[in-house]
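The block underneath contains the structure these notes are about, expressed in structure tokens.
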Amino acid sequence: MNKVLTTCPYCGTGCNLYLHVEDGQLIGASPAAGNSVNNGSLCAKGHYGFDFVHHPDRLTSPLIRKNGVLVEASWDEALTLITDRFKSHIKNFGPDSIAGFSSARCTNEENYLMQKYMRAAIGTNNIDHCARL
Ligand code: SF4
């Protein structure tokens with residue numbers, strides 16, 4: 001079994017934990033000690049909430065609705081579609097027709113990149129966060 005040091009993805013606290021991996025399967029988690037964030041403790045989500053990783057219902061590729069049916073797509077196809085739609089909306093309705101909503105489950109760095117993307121690439125200040133919804 002390998003123990004992989006990582007950061008819990010469930011909330012912005014960012015507790016340090018070890019994921020226990022055996023034969024390519026995630027089989028457990030345990031808290032990391034000696035850090036100033038959680039120092040050997042985890043809440044129930046961080047300790048036991050990893051069943052989704054290998055769940056058969058988990059989405060592992062983008063889905064695009066075609067003729068009313070969701071169809072698996074490549075990331076290139078999905079991102080190209082999103083880019084084209086954003087460009088079309090900005091051209092027809094202006095950048096303020098688009099809003100971005102980020103998440104408390106993201107890191108500070110990811111939330112920073114999200115607001116930077118909305119302001120610098122899309123051209124709007126319409127950016128908010130799920131903790132305020
Ligand atoms: S272990 Fe609990 S408190 Fe810590 S980051 Fe995960 S969800 Fe948040």
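The values are calculated or read from the model by the stated rules, or taken from the named source; none is laboratory data. All of these numbers come straight from a predicted model, not from anything done at the bench. For neighbour counting, all protein chains shown are included, and Cβ atoms are generated from backbone atoms with ideal geometry for every residue, glycine included.
Data table
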quantity	calculated
Candidate set from region 81-119 (those that are out of contact with any Gly (no Cβ under 8 Å at 6 or more places or on another chain) and part of a loop (DSSP other than H, G, I, E, B)); member that is nearest to A131 (Cα to Cα)	S103
Residue within region 25-33 that is part of a strand (DSSP E or B), within 12 Å of the ligand (Cβ to nearest atom) and farther than 27 Å from A131 by Cβ present	yes
Per-region count, region 6-24, residues within 19 Å of R105 (Cβ to Cβ) and part of a strand (DSSP E or B)	5
Pick from region 4-24, criterion exposed (fewer than 14 other Cβ atoms within 10 Å of the Cβ) and away from the ligand (no atom under 15 Å from the Cβ), ranking: farthest from G49 (Cα to Cα)	D23
Residues (out of contact with any Ser or Thr (no Cβ under 6 Å at 6 or more places or on another chain) and at pLDDT below 95) located in region 101-120	F101, S102, S103, A104, R105, C106, T107, N108, E109, E110, Y112
Residue that is nearest to M1 (Cα to Cα) [pool: residues in region 34-63 that are part of a loop (DSSP other than H, G, I, E, B) and away from the ligand (no atom under 16 Å from the Cβ)]	H55
